[in-house]
Amino acid sequence: MSHVFFFVFSWLRGHRPPLWFALLLFASPALAATKAIKAGRLIDPSGRVVTNAVIVVENDRIASIGTTTPAGAEVIDLSRFTIIPGLIDVHTHMTYYWDRTPGTRPLNQPRRPAGVTVVLAAENAQRTLETGVTTVRDLGAANETDYAMRDLINMGKMVGPRMFVAGQGLSAGRGGAPPQDFRQLAEARIAAGSDWVKIYGSRGSYQSVDTTQTVSYDDMQSAVDAAHAKNHRVAIHSYGPSGVKDAVRAGADSVEHGIDLDDETIADMVRRGTVWAPTIDHNRYYAEAKDEFGFAPDTIPPLQAYIERNLDSTRRAFKAGVKIAMGSDAVYTMFGQNTRELGWFVKAGMTPAQALATATTIPAALLGHERDLGALAPGYFADIVAVDGDPLVDVDVLINNVRWVMKGGMVVVDHIGAGGTGRAGGAGR
Ligand SMILES: [Zn+2]
C-alpha cells in the first residue's frame, strides 16, 4: 500500500514516477483478476458440448460463459482442448503419506508429529490435483491433520483440492470395551471441526476383505440423527451387505464400499437418494501395490474376488437408478490414480457422460454444494480442467489426458504453458 501512496504522492508533486513503480502496480495479481479462458469444446451442466466458448473468471468464480473476451482480461488459450468442471473425489485419506524409503512400508512407518504429516501430505494433495480433482471428501485422518490441511488450503497457504473432512472415523470399541454412545461420538467430532461424520460400520481394509458388521443399526441411527440435527452429513463404511443395508436404513447420506447388495437395499437407496461410493478401484490398487505393502500372496485372490462382486453390485445398482459417486479411497501411493474408478463405472454400464456425473454433479449435491461445485456455470467456483481428446467418447481421456487445472481461479496444474498462473484471492469453500 505504501508504494501506491508514494506513487500518487510523487505524481501529484509533478515528479515523473519511475517505470518500475508502474510495473509493480500492474504486475500485482489483484489487478489482473479477470481471466478469459478460450474453450475449444466445453461440457455444459446438462452434458451437452458447446464449441468455442469463452469462460470469464473473476477472482475465484466463473462470472460468465459466452463468446466474447472482455477488454483487459488475461487470455488463457485452451482452444485445442475439451473443458470439464473440476472433479470431485468423495473418498480419500489425504494424510496417509509414505515417502517410499526402501526398507520401510506404508503401514509400519515411525510415528510422526501431526505437523510433519500435514506438510508431507501436501504431495498427496498435489498428485490429486494432477488428476483434475479439485475437491475431495476426506474420510478419516488421525490427530486432526485433515482439519489442518483443509484450513491451510482454504487460506491459500497450501496448494491442494478443496477438502471436506471427517476427522477420526467412529468405530466400535475393541473386544471387551464398554459400549459407546454414538450420539456423543458424532457430536464430539462435529464440535472438534469435522464437516462430515465417518463411521466404520464393518471390518475390511487394505488386504482384508472381511465383511463382518461391527456397528449396529441402532448405533448407526444414533450417529446419523445426531449429525443431521446439527446439519452435518454422514458416510458409513461397510464391506458387507448387512452393514450396507443398515447404513441405508439408518439414513446415511452415503455408503462406502460394499458387495452383494440385495434388491431391497438397492430399492431403498433409490427411494432415499442414498449415494453409493463402491470404491471398486482401491482393491485393484492394493493388489498391484502388494509388494510395497508386503501383503502375503494368498491375500490377493480374495481382493480380486471382491472386485468382481463389487463391480456386479455396481452394475445392478446403477441399472436400478442408485446415485453413484466416484470415490477412490486413495491412500499412500494411490494419489494420482484418483479417477481410475471411472473406468470401472463404464465397465458397470455407464456411458462416459454418466461416469463424468459421478465425479461432478452427483458428488456436488452430496456435499450440499450443487449451486457452486461440479459444473461450469456463472456463480460456480472456477474449478476448470482441460483434457486432450473427447471424454464423452473415451473415458480414458478423463483418466489419462488431464493437461491443465484451475482451482478457485488459480492455475494449479499446467502441462501446456497456457498461462494464467497469476494467483487469485479467496479460494475458499
Ligand atoms: Zn477409506
Turns out the strands (runs of 3 or more DSSP E) fully within the stretch 200-285 with at least 1 residues that are at negative phi and hydroxyl-bearing (Ser, Thr, Tyr) are 254-256
Being at pLDDT 95 or above, in a strand (DSSP E or B) and crowded, with 24+ Cβ neighbours inside 10 Å, is that true of even one residue in the stretch 92-99?
yes
Among residues of the stretch 134-160 being crowded, with 24+ Cβ neighbours inside 10 Å and within 16 Å of Leu373 (Cα to Cα), the residue farthest from the chain's Cα centre (by Cα) is Gly160
Which pairs turn up if I take residues in the stretch 81-94 that are in contact (Cβ under 8 Å) with a residue 40 or more places away in the chain and look for partners that are away from the ligand (no atom under 16 Å from the Cβ) and among the acidic types (Asp, Glu) with beta carbon separation below 8 Å, at least 6 apart in sequence or on another chain?
Phe81/Asp388; Thr82/Asp388; Thr82/Asp390; Pro85/Asp383; Gly86/Asp383
Name the single residue that is surrounded by the fewest Cβ atoms within 10 Å (Cβ to Cβ) among those in the stretch 161-208 being charged (D, E, K, R) and over 20 Å from Gly240 (Cα atoms).
Asp181
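Check the stretch 255-273 and report whether any residue there is within 24 Å of the chain's Cα centre (by Cα), more than 23 Å from Ala357 (Cα to Cα), within 12 Å of the ligand (Cβ to nearest atom) and not basic (Lys, Arg).
Taking the stretch 255-273 first, the residues within 24 Å of the chain's Cα centre (by Cα) are 255-259, 269-270, 272-273.
Filter once more, so that each one left must be more than 23 Å from Ala357 (Cα to Cα): none.
The answer is no, given that none of the residues of the stretch 255-273 is within 24 Å of the chain's Cα centre (by Cα), more than 23 Å from Ala357 (Cα to Cα), within 12 Å of the ligand (Cβ to nearest atom) and not basic (Lys, Arg).
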Would you check if there is a residue in the stretch 61-68 being in contact with a Phe, Trp or Tyr (Cβ under 9 Å, 6 or more places away or on another chain) and of a type in the set (Val, Ile, Thr)?
yes
Looking at the structure I just gave you, is Ala386 small (Gly, Ala, Ser), modelled with pLDDT of 95 or more and within 25 Å of Ile62 (Cβ to Cβ)?
yes
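Please verify whether Asn310 is in the same structural domain as Gly273 (by TED's automatic domain parsing) and in contact with a Pro (Cβ under 7 Å, 6 or more places away or on another chain), treating the condition exactly as stated.
Values: in the same structural domain as Gly273 (by TED's automatic domain parsing): yes; in contact with a Pro (Cβ under 7 Å, 6 or more places away or on another chain): yes.
Yes.
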Taking Gly240 as the residue in question, decide whether it is buried (at least 16 other Cβ atoms within 10 Å of the Cβ) and within 16 Å of the ligand (Cβ to nearest atom).
yes
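Can you confirm whether Tyr217 is among the aromatic types (Phe, Trp, Tyr), within 16 Å of the ligand (Cβ to nearest atom) and touching a residue at least 24 places away in the same chain (Cβ under 8 Å)?
Working: among the aromatic types (Phe, Trp, Tyr): yes; within 16 Å of the ligand (Cβ to nearest atom): no; touching a residue at least 24 places away in the same chain (Cβ under 8 Å): yes.
The answer is no for Tyr217.
The values are calculated or read from the model by the stated rules, or taken from the named source; none is laboratory data. These numbers come from a predicted model, not from an experiment. We place every Cβ from the backbone using ideal geometry, glycine too, and count neighbours over all the protein chains shown.
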